[in-house]
Amino acid sequence: MRDLPPSNPFDDDKLKEECGVFGVIGVADAANFVALGLHALQHRGQEAGGIVSFDADSGFNSARRFGYVRDNFTKASLMETLPGQLSIGHVRYSTAGSKGNTQIRDVQPFFGEFSMGGAAIAHNGNITNALALRKELIERGSIFQSSSDSECIIHLMARSLQQNIPERMKDALRRVEGAFSIVAMTRTKLIGVRDPLGVRPLVLGKVADGWALSSETCALDIIGAEFVREIEPGEMVVISAKHGVESFHPFERKKPRFCIFEHVYFSRPDSILGGRSVYETRVAIGVELAKEAPVDADLVCPVPDSGTPAAIGFSQQSGIPYAMGIIRNQYMGRTFIEPTEQIRNMGVRLKLNVNRALIKGKRVILVDDSVVRGTTSIKIKQMILDAGAAEVHFRIASPPTAWPCFYGVDTPERGKLLAANMTEDEMRDFIGVDSLKFISLDGLYRAAGEAKGRNPAQPQYCDACFSGEYPVAPSDMITKGFEVKAAE
């Protein structure tokens, strides 16, 4: 696998984005639009990407590559092999399968040839009963080509007795547990589906005479598409030149549980989620944090880039000046060869550097989006102290991450999560800062638009990484012996 620069300067201590999906129908050279959309969704997955297109003359065509979209799907020689007015694509971070050792066969979209024609599928999320499904399918003769949970959907579709591909997809997805936002295509149709809880995002856009499906609205913007609406939880849309957009609800309706961490970190700040600007929600998180955990200090500084909107909100509410105390190197490129421990320890300064003239002698509030293992926070704290800060206070724009996610986010095992093993005070002492405070779960909900906070009887979002309350029991993980706290 290629050695890629992280999307975040301290990517080794962040929850990894799940994946991004994008599809277009009804425009010439649709694959070019998909490549642009995937570029806008690159933050959701940097390991690899793939595009499938359909053209009446050449049929289905696909390209899968390791690395960034900009390094692969901007080459005319490659894009010419993906003709047609219908195309879907996927950017990947491995949440299931061979994590950290991705094989090209694991890269989506996946393709299957059925009796009524071919279909390709791109999946964002995680199937929590994939092990049981895979075992059953293999025992019945299915031959898997990848280690990805998403391939189960193709095999379930192949075994369905329904007479068309959308109906086969409904059949397959009724067997699936967990989280899925899917963009799929046949020879004539673009299909989008969200799981009944709507854990992962999926939106519909209008582009020229055609249509687009995307994980986030920011990817619609890049192709000049008009945002139409979100695909509803449990909804399937089937889009064709003949019938336009058709809507179906093949699953039992449930109370939605959208992932609240999309608001905190995963989605781009220029996206819209649930009718709310992600940027404005993150600013509101900072406002709530300043109300809940005020501290007397001289500067409010974000940990770039994900802490920036919350730091702005904290500054606005507290009246403490906002300042760029940490500067990110935007041109870092790939990590240098690091042959010695001394050079390796300097690696952090290749990514971020402290604005010494600003920091020296100041009491500094650092605002970050989350604390996972705590290794990042220790490095940043030390950089600030080395620059001469008088005090360092951490304010975190999410509650303590104490439970792993099983719905499409690569989270460390619970034993490696700092908040699973320490109290807030113990974490403060471990990191070595003057104070450490997290936003409360109720405060996060208020910032996300729930004025009364979290409803403990029926939470409005999926917040399992904070609460341990899983809306769908992760049966694969339970089978493996993971510590989980299933919903009552």
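Students often get this wrong: which residues of the range 20-34 have the backbone nitrogen under 14 Å from the point 7 angstrom along Cα-to-C-beta of Asp209? Zone members listed by number: 25-30.
Charge tally around Thr281: other residues with Cβ under 13 Å, Lys/Arg +1 each, Asp/Glu -1 each, net -2.
Accessible surface computed residue by residue for the range 395-477, with neighbouring protein chains in place and a 1.4 Å probe, gives 37 Å² per residue.
Calculate log10 I(q)/I(0) of the range 62-170 for q = 0.11, 0.22 Å⁻¹, where I(q) comes from the Debye formula with a single equal point scatterer on each Cα and nothing for solvent. Normalising to I(0) and taking log10 leaves -0.39, -1.31. Subtracting the Cα-Cα distance of Ala56 and Asp296 from their residue separation scaled by 0.36 nm leaves 79.7 nm. Residue ranges 112-124, 162-174 sort as 112-124, 162-174 when ordered by packing (mean number of other C-beta atoms within 10 Å per residue, highest first).
Mean separation of Cα pairs under 8 Å and 6 or more residues apart, divided by the residue count, gives the range 44-171 a relative contact order of 22 percent.
Using a cutoff of 8 angstrom between alpha carbon atoms and counting only pairs six or more residues apart, the relative contact order for the chain works out to 14 percent. Compared with the dominant Cα axis of the chain, that is its longest principal axis, helix 308-318 is turned about 40°. The apolar share of the surface of the chain, taken as the fraction of accessible area on carbon and sulfur atoms (1.4 Å probe, ligands and nucleic acids excluded), comes to 50 percent. Both radii come from the Cα set of the chain: Rg as radius of gyration, Rh as Kirkwood radius; their ratio Rg/Rh reads 0.98. Counted over the chain, the DSSP beta bridges are approximately 80% antiparallel. Under a 5 Å amide H cut-off, with hydrogens placed 1.01 Å from N, Gln460 pairs with Asn455 among residues at least 5 apart or on other chains. Divide by every residue of the chain the summed helix terms, -39500 (n - 2.57) for each DSSP H run of at least 4, and state the resulting mean residue ellipticity at 222 nm, rounded to the nearest 500 deg cm²/dmol. Computed ellipticity for the chain at 222 nm equals -7000 deg cm²/dmol. When Rg and the Kirkwood radius Rh are both evaluated on Cα atoms of the range 147-262, their ratio Rg/Rh stands at 0.96.
Among rounded, prolate and oblate, which fits the range 349-481 when a ≥ b ≥ c are the square roots of the eigenvalues of its C-alpha gyration tensor, a/c under 1.5 means rounded, and a/b larger than b/c means prolate? Here the range 349-481 falls in the prolate category.
Take every pair of alpha-carbon atoms less than 8 Å apart whose residues are at least six positions apart; their mean separation over the length of the range 272-334 yields a relative contact order of 36 percent. Whole-Hz Karplus values for the range 246-254 come out as 10, 10, 9, 10, x, 10, 4, 5, 9 Hz, taken residue by residue from phi with 6.51 cos²θ - 1.76 cosθ + 1.60 and θ = phi - 60°; glycine and proline positions read x. A DSSP coil position with no more than 12 other Cβ atoms inside 10 Å describes the following trypsin sites (Lys or Arg not before Pro) in the range 430-471: Lys452. Peptides 151-160, 251-260 ordered by packing proxy, namely the average of other Cβ atoms within 10 Å per residue, highest first: 151-160, 251-260.
Based on the alpha-carbon gyration tensor of the range 404-458 and its eigenvalue square roots a ≥ b ≥ c, which shape applies: rounded if a/c is under 1.5, prolate if not and a/b is larger than b/c, or oblate? Cα axes put the range 404-458 in the oblate bin. Amide hydrogen proximity for Ala48: with H placed 1.01 Å from N in the peptide plane, the residues at 5 or more positions away or on another chain lying under 5 Å are Gly67, Arg92. Across the range 203-220, rounded Karplus estimates of 3J(HN,Hα) from the backbone phi angles (6.51 cos²θ - 1.76 cosθ + 1.60, θ = phi - 60°) give 10, 10, x, 10, 10, 6, 8, x, 9, 9, 10, 8, 5, 9, 5, 4, 7, 5 Hz, Gly and Pro being marked x.
Taking Lys and Arg as +1 and Asp and Glu as -1, the other residues whose beta-carbon sits under 12 Å from that of Asn32 total -1. Taking Lys and Arg as +1 and Asp and Glu as -1, the other residues whose beta-carbon sits under 11 Å from that of Thr308 total -1. Computed 3J(HN,Hα) for the range 116-132, one whole-Hz value per residue from the Karplus formula 6.51 cos²θ - 1.76 cosθ + 1.60 where θ = phi - 60°, is 9, x, x, 8, 10, 9, 10, 10, 10, x, 8, 8, 8, 10, 5, 4, 5, glycine and proline marked x.
State in Å² the accessible area per residue of the range 23-136; use a 1.4 Å probe, count heavy atoms of protein chains only, and round to the nearest integer.
Values: 4020 Å² over 114 residues.
Using a 1.4 Å probe on heavy atoms only, each residue of the range 23-136 averages 35 Å².
The values are calculated or read from the model by the stated rules, or taken from the named source; none is laboratory data. A quick note: this is a predicted structure, and the numbers were derived from the prediction, not measured. Note that we place each Cβ from the backbone using ideal geometry, even for glycine, and neighbour counts take in every protein chain shown. All accessible areas refer to the heavy atoms of the entire protein, side chains included, with ligands and DNA or RNA removed. Shrake-Rupley method; radii C 1.70, N 1.55, O 1.52, S 1.80 Å.
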